[in-house]
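Just so it is clear, none of the values below were taken in a lab; they were calculated from the coordinates. The model shown is predicted, which means the values in this text are computed figures rather than measured ones. Here the Cβ positions follow ideal geometry from the backbone for every residue, glycine too, while neighbour counts run over all protein chains shown.
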Amino acid sequence: MSRTRVFSGAPWESKVGYCRAIRAGANVYVSGTAPVDDAGQVLAPGDAYRQARRCLEIIARALEELQCGGPESVVRTRMFVTDISRWEDYGRAHREFFSEHPPATSMVEVSSLVHRDMLIEIEADAVMS
C-alpha cells in the first residue's frame with residue numbers, strides 16, 4: 001500500500017517526528033492540529049470559536065494537499081479542549097465547517113496542550129472517494 005505524507009512546517013513536526021497528515025490507500029489521517037497562524041504563533045488567544053475554526057482550516061489544507069476532497073471526506077474528528085465549558089463555541093465552528101456532512105466526533109477535556117494559549121487541538125480521519 002502506498003503512503004503519501006504532507007508536512008505543514010510547524011516546528012513540532014521535526015521535534016516530535018510526525019507529519020501533518022498521511023494518506024494510506026484510501027484512508028487519510030490528520031495529526032492533532034493546533035490553532036496557529038502562518039508564522040507559527042497561536043491564533044486568537046482566548047477565542048475558542050476562532051481557534052477551532054483555524055484548526056479546521058489547517059485540516060482542510062492538508063486534505064487538499066493529499067487530493068482527498070473537502071470536509072465531506074472526513075468521517076471522524078477528535079477535539080481535545082482545555083475548557084469543556086466552551087463546548088458550544090468549539091461545536092459551532094465544527095458544525096459550520098462540516099455543514100451537511102457531519103462526521104462522527106468526540107470532544108475531550110485535557111489539562112493542557114503544547115502551548116498555554118491553545119484552547120483546542122483537532123485530529124481528523126478521512127476516506128477518499
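When the chain is treated as a GNM with alpha-carbon contacts under 10 Å, the residue of Pro102, Pro11, Pro45 showing the greatest mean-square fluctuation is Pro11. Within the listed set Met107, Met79, Met118, the residue fluctuating most in the Gaussian network model of the chain (springs between alpha-carbon atoms under 10 angstrom) is Met107.
Taking the fewest neighbouring Cβ atoms within 10 Å as the starting point, the ordered list for Val127, Val6, Val108, Val36 is Val108, Val127, Val6, Val36.
Extension gain for the segment Phe7 to Glu109, taken as residue separation times 0.36 nm less the Cα-Cα distance, is 34.1 nm to one decimal. Give me the angle, in degrees from 0 to 90, between the Cα long axis of helix 48-65 and the longest principal axis of the Cα atoms of the chain, rounded to the nearest 10. The angle comes out near 10 degrees. Note on the chain: GNM, Cα springs under 10 Å; of Ala39, Ala60, Ala48, the largest mean-square fluctuation is that of Ala39. Exposure proxy ranking for Val16, Val81, based on other Cβ atoms within 10 angstrom of each Cβ and starting from the fewest, stands as Val16, Val81. Looking at the range 32-122, the trypsin sites (Lys or Arg not before Pro) that sit in a DSSP loop and have at most 10 other Cβ atoms within 10 Å of their own Cβ are Arg116.
Each principal axis of the Cα atoms in the range 78-129 has its own extent, and those three values, largest first, are 37, 21, 15 angstrom. Report, as a whole number in µm² per second, the diffusion coefficient that Stokes-Einstein gives for the range 3-127 at 20 °C and 1.002 mPa s using the Kirkwood radius over alpha carbon pairs. Stokes-Einstein gives a translational diffusion coefficient of 149 µm²/s. At full extension, Asp47 and Glu100 could sit 16.6 nm farther apart than now, given 0.36 nm per residue minus the alpha carbon distance. For Thr105, nonlocal amide neighbours, meaning residues 5 or more places apart or on other chains whose placed amide H falls under 5 Å from its own, are Thr77.
The angle between the Cα long axis of helix 87-98 and the longest principal axis of the Cα atoms of the chain comes to about 30 degrees, rounded to the nearest 10.
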